[in-house]
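What follows is a set of notes on a single structure, which appears directly below.
The values are calculated or read from the model by the stated rules, or taken from the named source; none is laboratory data. Bear in mind the structure is a predicted one, so any value in this text is a computation, not a measurement. Methodologically, a virtual Cβ is constructed for each residue, glycine included, from the backbone with ideal geometry; neighbour enumeration extends over all protein chains shown.
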Amino acid sequence: MRGGQERVARVVRSAMISGLRGRGYAAAAAAGGALKQTVLHDKHMAIGGKMVEFAGYDMPVQYPDGIMESHLWVRANAGLFDVSHMGQVRLHGKDRVAFLEKLVVADVAGMAPHTGGLSVLTNANGGIIDDTIITNLGDVTGMVINAGCKDKDLAHMREHLEAAKKSGMDVDLEVIEDHELLALQGPKAMEVLIKHCTGIDFVHMPFMMASYGTIAGAKCLVTRCGYTGEDGFEISMPAAKTLEIFEMLTADAAVRPVGLGARDSLRMEAGLCLYGNDIDETTTPVEAALTWTIGKRRKEQGGFLGDKVILKQLAEGVSKRRCGFLVEKGAPPRGHETILSEDGQEVGVVTSGGFAPSVGKPIGMGYVNKPHNKSGTKLQVVVRKKANPILISKTPFVPSGYYKVPE
């Protein structure tokens, strides 16, 4: 029996790694390549990280314990992710909010101090340039942008910044180059961070709140957020302190370093999008089931790029929408596979898919035409020329573990 279980585990691990290659992860370039590195690169190598190219960086996709075990560890304990490849941006000036609201769908003006939320940058057609976390840091506005979109995001923002300044707006953009970003995720994340971070009342810190605290003698920006569906924190810290903080946190028995492979399977179970797969410049937030990121005032007033398209979709509906599905039988899809109705008509396309360790079966997401995207609808997905049965399901696929402040 043990041998059979090990063979199944090997097959699952192989399938998960194969799926990552289809979602923008590739084997790392040979020595001398042009890949960028985070401050922790040598540490990842020293502790057995398997490095791959992702968004131009040499990043750990997994550690010796493997993707599946890392995934399950985060669901039960706490995992530490190096996400320093992502972009950290600050907007300054008295007109920074008005400027930003022309580029994103969020009600930035309505964000209370030291709170934030997920939003999207849109283009003139209502398509999504990138998804981003925006935080009101008091006298500045913070943004975290995706690694693979940094260059185009900054070019887009600078183009509009130049026009804003010419019109007399007081706004400036700063790219944070001297700080790294770690994400501590899982149900034990708070009990771990309380031991090492002073200056923050974590018990009364709600989801999507940011605060400055001290870790290993360094001032760090700690935001209660993450991309796993669990409680957790993203910690922006001085680059010079990152290795010390990484080693301090992973020395805790509840914490293990976790790579991008498990981050991908965790976010899929949480029903969260991967830019470039589930959302891109051809999909709108309405089609992507991200209507909740559009502030109430913005739905009424617009004022952002692509507002006419998006507001029309809100009023009239869309013909397709992103949805989740369970694979009832057969191999997991990876992305780009055709989705069929039970009678064989093409009704959609897969954007993400893979084995879900917490669910115990393959899952996926994709864009499906109405009315076939209703929860409970039975469809088929074509994998290796074989049509496998799937069931449209609500997301997240597992219960969310986001923190709620005790009453």
Inset, instruction - Search the range 49-103 for residues being of a type in the set (K, R) and either crowded, with 23+ Cβ neighbours inside 10 Å or in contact with a strand residue (DSSP E or B) (Cβ under 9 Å, 6 or more places away or on another chain) (or both), and hand back the single one that is nearest to Q185 (Cα to Cα). - result: R75
Legend entry - Any chance E69 is out of contact with any helix residue (DSSP H, G or I) (no Cβ under 6 Å at 6 or more places or on another chain) and either closer than 15 Å to F304 by Cβ or not aliphatic (A, V, I, L, M) (or both): yes
Inset, instruction - Quickly run through the range 345-372 and pick out the residues that are assigned to a loop (DSSP other than H, G, I, E, B), within 23 Å of the chain's Cα centre (by Cα) and farther than 17 Å from E328 by Cβ. - result: P357, S358
Inset, instruction - Residue by residue through the range 199-257, note down the ones that are under 25 Å from R75 (Cβ atoms) and among the aromatic types (F, W, Y). - result: F202, F207, Y227, F233, F246
Inset, instruction - Scan the range 299-315 and report the pairs whose first residue is closer than 14 Å to G127 by Cβ and whose second residue is of a type in the set (K, R) and not in a helix (DSSP H, G or I), with Cβ atoms within less than 8 Å and a gap of 6+ or a chain change. - result: F304/K102; L305/K102
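For the range 339-363, give me each residue that is farther than 23 Å from K320 by Cα and without any contact (Cβ under 8 Å) to a residue 60 or more places away in the chain.
Across the range 339-363, the qualifying residues are G360, K361.
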Legend entry - Some residue of the range 262-276 being surrounded by fewer than 17 Cβ atoms within 10 Å (Cβ to Cβ), among the hydrophobic types (A, V, I, L, M, F, W, C), at pLDDT 95 or above and on the phi < 0 side of the Ramachandran plot: no
Inset, instruction - Determine whether the range 246-260 contains at least one residue that is touching a Lys or Arg at 6+ places or on another chain (Cβ under 8 Å), β-branched (V, I, T), surrounded by fewer than 23 Cβ atoms within 10 Å (Cβ to Cβ) and in a helix (DSSP H, G or I). - result: yes
Inset, instruction - From (1) surrounded by 22 or more Cβ atoms within 10 Å (Cβ to Cβ); (2) part of a strand (DSSP E or B), pick out the condition that doesn't hold for G126. - result: (2)
Inset, instruction - Quick one: in the range 30-48, of everything that is among the hydrophobic types (A, V, I, L, M, F, W, C) and touching a strand residue (DSSP E or B) at 6+ places or on another chain (Cβ under 8 Å), which residue is surrounded by the most Cβ atoms within 10 Å (Cβ to Cβ)? - result: L40
Legend entry - Candidate set: the range 158-196, residues that are touching a Ser or Thr at 6+ places or on another chain (Cβ under 8 Å) and surrounded by fewer than 21 Cβ atoms within 10 Å (Cβ to Cβ); chosen: the one nearest to E234 (Cα to Cα): H179
